[in-house]
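The values are calculated or read from the model by the stated rules, or taken from the named source; none is laboratory data. Small disclaimer: the values here were computed from a predicted structure and weren't measured. Here Cβ is always computed from backbone atoms with ideal geometry, including for glycine, and neighbour counts include all displayed protein chains. What goes into the accessible areas is simple: the full protein's heavy atoms, side chains included, and nothing from ligands, DNA or RNA. Shrake-Rupley method; radii C 1.70, N 1.55, O 1.52, S 1.80 Å.
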Amino acid sequence: SVLALNGKIRKVGEKILASNGKKADFVSALQSCEEVGGTLAAPKNEEENKAVMDFVKQYNQYAYLGIRKGETSGQVKYLNGMPLSFSNWHQHEPNGKGKEKCVEMYTDGTWNDKKCNMYRLTICEF
């Protein structure tokens, strides 16, 4: 299923962000982004974080970010394995004690570690 864009697209810096407004678990969300040549949105600065938050607010749905905890280290990294250059954790987060390997964004733009099997908004970056 190609990402139906109909106005659901934003440019921020060098990135294009797009959402189809659909909810999926982490693996499916990532897959739908990769099928169209992108990956899950992973904010690398305040401006990108705000652009992702705009989608989260628009759909009033928490969204998965392209950020995961390592299986062993529990270190939070981008999907390409690079360490985070920016973060915006909610107060007292991350707190999943290794059980919550994915990261979601709340409607206020802050982050929370979360299990990967929840249904969250899909936002891709290109």
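Applying the Karplus parametrisation 6.51 cos²θ - 1.76 cosθ + 1.60 with θ = phi - 60° to the phi angles of segment 19-31, what ³J(HN,Hα) value in whole Hz is obtained for each residue in order, glycine and proline being reported as x?
In residue order, the calculated couplings are 9, 9, x, 8, 9, 7, 6, 4, 4, 5, 4, 4, 4 Hz.
What shape does segment 79-126 have by the C-alpha gyration tensor, where a ≥ b ≥ c are the square roots of the eigenvalues, rounded means a/c under 1.5, and otherwise prolate means a/b greater than b/c and oblate the rest? Display every interim value, and only then the final one.
Values: a/c = 1.19, a/b = 1.12, b/c = 1.06.
It is rounded, given that a/c, with a ≥ b ≥ c, falls under 1.5.
Collect residues whose amide H, placed 1.01 Å from N in the peptide plane, falls under 5 Å from the amide H of TRP89; neighbours closer than 5 in sequence don't count.
Hits under the 5 Å cutoff: TRP111.
Per 0.36 nm of contour for each residue apart, how much would the distance between LEU79 and TYR106 grow if the chain were fully extended, relative to their Cα-Cα spacing?
Working it through step by step, the gained length comes to 7.8 nm.
Could you tell me how many degrees, from 0 to 90 and to the nearest 10, lie between the Cα long axis of helix 46-59 and the main elongation axis, the longest principal axis, of the Cα atoms of the chain?
The angle comes out at about 70 degrees.
Only loop residues by DSSP count here, and only those with at most 16 other Cβ atoms within 10 Å; note down the chymotrypsin sites (Phe, Trp or Tyr not before Pro) in segment 22-96 that meet that.
Sites meeting the loop and neighbour criteria: PHE86.
Identify which of the listed values of Kirkwood radius over Cα pairs in Å was calculated from the structure shown: (i) 14.8; (ii) 14.2; (iii) 19.7.
Only one listed value fits the structure, namely (ii).
Counting only heavy atoms of the protein chains, get the accessible area per residue of segment 68-107 (1.4 Å probe) and round it to a whole Å² value. Present the calculation step by step, with values, prior to reporting the outcome.
Working: 2490 Å² over 40 residues.
Computed with neighbouring chains in place, this is 62 Å² per residue.
How many nm separate the modelled label positions at GLN91 and LYS22, each set 7 Å beyond the Cα in the direction of the Cβ?
With each label placed 7 Å out from Cα toward Cβ, I get 3.8 nm.
Say a site is exposed when it is one of the GluC sites (Glu not before Pro), sits in a DSSP loop, and has at most 13 other Cβ atoms within 10 Å; what is then the longest site-free stretch of the chain? Kindly include the intermediate steps, with their values, before the conclusion.
Working: sites that count: GLU14, GLU71.
With a cap of 13 other Cβ atoms within 10 Å, the longest stretch comes to 15-70.
Taking the chain as a Gaussian network, where each spring joins two C-alpha atoms under 10 Å apart, which residue of THR39, THR72, THR110 fluctuates the most?
Of THR39, THR72, THR110, the most mobile in the Gaussian network model is THR72.
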